Amino acid sequence: MLKSRLLKDRIARHYMLTATVMAIFFLFLIGGGLFVNSLPIMQEKGLWTLLTTSNWRPFKGEFGFASYILSTLYVTGIAIVIALPLSLLTSIYIIEYASPKILRAFSSVVDLLAGIPPVIYGVWGTLTIVPFISESLAPHFVEFSTGYSVLAAGVVLAIMIIPLIISILMEVFSAVPKEMREASMSLGATKWQTVKKVVIRKSIPGIIAATVLAISRAFGETLAVLMVCGNFTDLPKSIFDACYPLPALIANNYGEMMSVPQYESALMFAAFLLFFIIVLFNVISRLVLIQIDKRYQL
Amino acid sequence: MSIKKLEEKIFKGLMIGSSMLIFGVLLYILYIIIKKGLPSLSWEMISQIPSGGFYLGKEGGILNAIMGSLYLIFFSVVISLLISVPVVMYLNFTLRKKSRFSAFARLTFDVLFGIPSIVYGAFGFTVMIFFGLQASLFGGIIAVSLLIIPVMIRSIDEVAVLIPVELIEATKSLGATNYETIKVIVRQLLPGISTAVLLSVGRGIGDGATVLFTAGYTDSIPTSLAQPTATLPLAIFFQLSSPIEEVQNRAYSAALILTVIILILSFSARYFSRRFSKNKI
Amino acid sequence: MELITVPLTIEQPKSKVMNGSHSHNPHIVVENLNIYIQGNHILKDINMTIPDKSITCIIGPSGCGKTTLLRSLNRLHDDNVDVKITGKLFVDNEDIYAKGTEVTHIRKKMGLLAQRPCSLPMSIFDNVVYGPRIHGTRGRRKLYEIARHQLVAVGLWDEVKDRLKSPASTLSIGQQQRLCLARGLAVEPEIILGDEATSALDPISSKTIEELFVAIKDRYTVVLVTHTLRQAKRIADYVAFMYMGELVEFGTADQLFNHPKNQLTKEYISGGFS
């Protein structure tokens, strides 16, 4: 009896360990797989050329990713600039000031928003944001804009990542111990002073983590951006111009991959770029968080 | 003092404004989807596959996409569970609490969680090329499973850490093996695992980038893993790109269908997680 | 302000004879205070006068409402939902529950020491000067002086003077509680409130905090909730005994412990129930 129990235990242990190692290995497998597939184009063109030139003429064998990289950065940047302040303000209000009823209603709203698939945001974006920019907003600033633009993509992305940031921040702020707030208030601080100097301070690691996640999500989002960005290669001169972020590039062109040599490798390179940047970003922010923890012991 | 009061007032105004803005945007999104999608919604849409002229505006429905997505997510969830549950059990209840291996593992999973879906799609594609597979249900399953494994791990991990240490010590002092202890814990965690499943389904079923390269697209319902399959997000996307208005309208109703599915999943997940916290030890 | 040195040796419990030359004025007057939390009547018609410049201990079994009463003194219930408060509470002849009373200046008059020391997420120095900074004090020299004075007053200076900038969470629990006291004293309150302030500490740290209370009582009014009778016997000048939300008896320590008037009080202090 004991023997078979021990045997089952051994098998279970091995199974769990295997599963864990496999799961960890996926990260390296993905990175490695994409890297290997990018090698051909990297070897042929050289990393520097790939990253800094903007000529994208696959049928002529020219692959310059610069404008796609920049588009991605612009769009992500706008999304974060819009999303972060709004999310912070809203989360603080909901957790610190609002009544429990509002809190409950709001967390349902946030959960719902977080679950809506990107493609739906894309649909909504084409229906509302794009016409709005084209007809109402852009005319004040530029001569002409189709609405499919950096701004549209940025706004749609922002709306997509706001629920994500808020749901994390809501947890983070709730985790600040009640006693800490009371200690501050007992010293005569107002609610706002307490929020500023105690709650936010204590939550800094959480805020950083939420931001990192949001940036990762925005950086790599494909469908929603695809539908509103305009898919135009030239470098956008203003936020009202069309753009072409990396994920959109990959998605739009995968059908053409087989027709031109190196095209496939180029797109895999694009995917690898995405992978690499996001992994790097995540690892760096983790290191930063560890440092903060060591120094400030929040 | 009055500058401070002013500051507080300004920020309070900003906070309330921003909350209302966000609340308003959600309602607006739902409103638009319903408004555009409801007119073209019909029983036909969810019960028929596209006919020959579907893309020209004639009869048919998106049953191919609905079934395709369902099959896809079902298999992906099964595979994902087979990996995620053991991983979480291992990290939380077999390894020592502060082992460096588990810290490293968790870091890896956090990173995997942040990787965009198109990367999983592209990787799935390379795997398929490597093995000489065609775009198919199977390809889609690979990509989607990879996508949702980190989601599931994170979600289950969140509830696993809540299990009190005393429960584990109690079973261990009765002479239970690690495996037997874990069986008990898993039973305890079933509501949490269901929530994780619901969340993963929500994430996986709505994602188009993973299946774009890997699952292909077709008008029929797949009958084997090797056949390509349609999926809801792609159905919406392709129909939206059509110049024919009738087809575009159908895209909106497909979007509505997908949104409704997601809403049902969300509510169920919330319901389950609330039940779980009520029944905690 | 002169320096106060705190004896670190363990002393014998003092006798509680009030010297008649020290008369005490009422500092806090509670009038018909009733508190309902989520519909439950937690505090029933409390009438109490807390004298100044002395230590008043509120004793009673768990759940009798003593913590609720203490927290109502600095309006900490303001942020709890489902709390209804009726009655009046006068601090320096000002009803703090009157409509329109500004709460931060009331709280500034009181320092609170919670059960588990709660240091703010900042350095030791920033913790101590948090209060003064909030209320507008500026100037590094000035803040440094305040910090030094208070840290000396609680006997923490020598232990932390070389690491004022390190996070407060690196201190031991006993040190953190002393830090919280220094922080509370830095706003120059009139009243110190202690909510079972020593129950989470080891005996030696407990002793130190108790001695600090005794050392400062001639300049501050100290109100402590304590659930060990022995602590009350050691340091209280006045004692309030509460049971099931009601104030059963109030008197000098000598009166209450040696000649209790109420039967319930008699039973409690003889260990009949706890």
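The values are calculated or read from the model by the stated rules, or taken from the named source; none is laboratory data. Keep in mind that this is a model prediction, so the values were computed, not measured. FYI the Cβ positions are ideal-geometry reconstructions off the backbone, even for glycines, and counts take in every protein chain you see.
For the stretch A:158-188: of the residues being farther than 30 Å from C:Arg183 by Cα, in contact with a Gly (Cβ under 9 Å, 6 or more places away or on another chain) and of a type in the set (A, V, I, L, M), which is surrounded by the fewest Cβ atoms within 10 Å (Cβ to Cβ)? Give the derivation first.
Step one: list which residues in the stretch A:158-188 are farther than 30 Å from C:Arg183 by Cα, which gives A:158-168.
After this cut, where a residue has to be in contact with a Gly (Cβ under 9 Å, 6 or more places away or on another chain) as well, the list is A:159, A:163, A:168.
This time we only want the ones that are of a type in the set (A, V, I, L, M), so: A:159, A:168.
On the way: A:Ile159: 25, A:Ile168: 20.
Among those that are farther than 30 Å from C:Arg183 by Cα, in contact with a Gly (Cβ under 9 Å, 6 or more places away or on another chain) and of a type in the set (A, V, I, L, M), it is A:Ile168.
Which of the residues spanning the stretch B:76-86 are buried (at least 18 other Cβ atoms within 10 Å of the Cβ) and within 21 Å of B:Gly216 (Cα to Cα)? Can you show your working first?
Keep residues of the stretch B:76-86 that are buried (at least 18 other Cβ atoms within 10 Å of the Cβ), which gives B:76-77, B:80-81, B:83-86.
The answer is B:Ser76, B:Val77.
I'd like the full set of residues that are of a type in the set (Gly, Ala, Ser) and either within 14 Å of B:Ala215 (Cβ to Cβ) or not in a loop (DSSP other than H, G, I, E, B) (or both), limited to the stretch B:111-148. Reasoning before the result, please.
Step one: of the stretch B:111-148, the residues of a type in the set (Gly, Ala, Ser) are B:114, B:117, B:121-122, B:124, B:132, B:135-136, B:139-140, B:143, B:145.
Once the filter is applied, which keeps residues that are of a type in the set (Gly, Ala, Ser) and either within 14 Å of B:Ala215 (Cβ to Cβ) or not in a loop (DSSP other than H, G, I, E, B) (or both), the stretch B:111-148 yields B:Gly114, B:Ser117, B:Gly121, B:Ala122, B:Gly124, B:Ala135, B:Ser136, B:Gly139, B:Gly140, B:Ala143, B:Ser145.
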Q.
For the stretch C:65-82, give me the residue count where each residue is away from chain A (no Cβ under 13 Å) and outside any helix (DSSP H, G or I).
A. 1
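Among the residues of the stretch B:110-122, is any facing chain A (nearest Cβ under 9 Å), surrounded by fewer than 23 Cβ atoms within 10 Å (Cβ to Cβ), more than 15 Å from the chain's Cα centre (by Cα) and without any contact (Cβ under 8 Å) to a residue 60 or more places away in the chain?
Filtering the stretch B:110-122 down to residues facing chain A (nearest Cβ under 9 Å) leaves B:110-122.
When the remaining residues are screened for being surrounded by fewer than 23 Cβ atoms within 10 Å (Cβ to Cβ), the result is B:110-111, B:113-114.
When the remaining residues are screened for being more than 15 Å from the chain's Cα centre (by Cα), the result is B:110-111.
Add one more test, that the residue is without any contact (Cβ under 8 Å) to a residue 60 or more places away in the chain, and what stays is B:110-111.
There is at least one residue in the stretch B:110-122 that is facing chain A (nearest Cβ under 9 Å), surrounded by fewer than 23 Cβ atoms within 10 Å (Cβ to Cβ), more than 15 Å from the chain's Cα centre (by Cα) and without any contact (Cβ under 8 Å) to a residue 60 or more places away in the chain.
Is it the case that some residue within the stretch B:261-273 is in a helix (DSSP H, G or I), under 20 Å from A:Val225 (Cβ atoms) and at pLDDT below 90? Steps first, please.
Going residue by residue through the stretch B:261-273, those that are in a helix (DSSP H, G or I) are B:261-273.
Still in the running and under 20 Å from A:Val225 (Cβ atoms): B:262.
Next cut, at pLDDT below 90 only: B:262.
Yes, the stretch B:261-273 contains at least one residue that is in a helix (DSSP H, G or I), under 20 Å from A:Val225 (Cβ atoms) and at pLDDT below 90.
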Q | Checking A:Val212 against (1) surrounded by 19 or more Cβ atoms within 10 Å (Cβ to Cβ); (2) within 28 Å of C:Arg71 (Cβ to Cβ), the condition it does not meet | A | (2)
Q: Output yes when any residue across the stretch C:115-123 is surrounded by 17 or more Cβ atoms within 10 Å (Cβ to Cβ), at pLDDT below 90 and more than 29 Å from A:Ile292 (Cβ to Cβ), and no when none is.
A: no
Q: Of the conditions (1) without any contact (Cβ under 8 Å) to a residue 40 or more places away in the chain; (2) more than 9 Å from chain A (Cβ to nearest Cβ); (3) surrounded by fewer than 21 Cβ atoms within 10 Å (Cβ to Cβ), B:Gly61 clears all except one; give me its number.
A: (3)
Q) Tell me, which helices (runs of 4 or more DSSP H) lie completely within the stretch A:149-232 with 1 or more residues that are aromatic (Phe, Trp, Tyr) and more than 11 Å from every other protein chain (Cβ to nearest Cβ)? A) A:150-174
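Across the stretch A:238-293, which residue is modelled with the highest pLDDT among those that are part of a helix (DSSP H, G or I), among the polar types (S, T, N, Q) and loosely packed, with under 14 Cβ neighbours inside 10 Å?
First, the residues of the stretch A:238-293 that are part of a helix (DSSP H, G or I): A:246-259, A:263-293.
From what is left, the residues that are among the polar types (S, T, N, Q) are A:252-253, A:259, A:265, A:282, A:285, A:291.
Those left that are additionally loosely packed, with under 14 Cβ neighbours inside 10 Å: A:259, A:291.
Numbers: A:Ser259: 71, A:Gln291: 90.
Ranking the candidates gives A:Gln291 first.
In the list C:Thr228, C:Thr221, which residue meets the criterion of being buried (at least 18 other Cβ atoms within 10 Å of the Cβ) and of a type in the set (Val, Ile, Thr)?
On inspection, the qualifying residue turns out to be C:Thr221.
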Q) For C:Asn127, all conditions in the list (1) closer than 25 Å to C:Ile58 by Cβ; (2) part of a helix (DSSP H, G or I); (3) free of Cβ contacts under 8 Å to residues at least 60 places away in the same chain hold save one; what is the number of the exception? A) (1)
**Q.** Residues that are among the hydroxyl-bearing types (Ser, Thr, Tyr) and more than 8 Å from every other protein chain (Cβ to nearest Cβ), drawn from the stretch A:19-45
**A.** A:Ser38
Q: Identify all residues within the stretch C:192-214 that are among the hydrophobic types (A, V, I, L, M, F, W, C), at pLDDT 90 or above and over 18 Å from C:Leu112 (Cβ atoms); write none if there are none.
A: C:Val214
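Looking at the stretch C:233-243, is at least one residue among the acidic types (Asp, Glu), surrounded by fewer than 23 Cβ atoms within 10 Å (Cβ to Cβ) and in a loop (DSSP other than H, G, I, E, B)? Steps first, answer last, please.
Let us first name the residues in the stretch C:233-243 that are among the acidic types (Asp, Glu), namely C:237.
Those left that are additionally surrounded by fewer than 23 Cβ atoms within 10 Å (Cβ to Cβ): C:237.
Next, from what is left, pick out any that are in a loop (DSSP other than H, G, I, E, B): C:237.
Yes, the conditions are met somewhere in the stretch C:233-243.
If you check A:Pro85 against the conditions, is it at pLDDT 90 or above and out of contact with any Ser or Thr (no Cβ under 6 Å at 6 or more places or on another chain)? Outline the logic, then answer.
Values: at pLDDT 90 or above: yes; out of contact with any Ser or Thr (no Cβ under 6 Å at 6 or more places or on another chain): yes.
The answer is yes for A:Pro85.
Report whether or not A:Leu17 is under 17 Å from B:Leu91 (Cβ atoms), in contact (Cβ under 8 Å) with a residue 60 or more places away in the chain and touching a helix residue (DSSP H, G or I) at 6+ places or on another chain (Cβ under 9 Å). Please lay out each step first, then the result.
Numbers: under 17 Å from B:Leu91 (Cβ atoms): yes; in contact (Cβ under 8 Å) with a residue 60 or more places away in the chain: no; touching a helix residue (DSSP H, G or I) at 6+ places or on another chain (Cβ under 9 Å): yes.
In short, no.
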Q) Which of the residues belonging to the stretch C:171-191 are more than 12 Å from every other protein chain (Cβ to nearest Cβ) and within 17 Å of C:Ile106 (Cβ to Cβ)? A) C:Glu190
Q. For the stretch A:99-108, does any single residue satisfy the condition of being modelled with pLDDT under 90, closer than 25 Å to C:Glu102 by Cα and part of a helix (DSSP H, G or I)?
A. yes
Q | Complete set of residues in the stretch A:31-69 that are in contact with a strand residue (DSSP E or B) (Cβ under 8 Å, 6 or more places away or on another chain), touching a residue at least 40 places away in the same chain (Cβ under 8 Å) and part of a helix (DSSP H, G or I) | A | A:Ile41, A:Leu50, A:Ser67, A:Tyr68
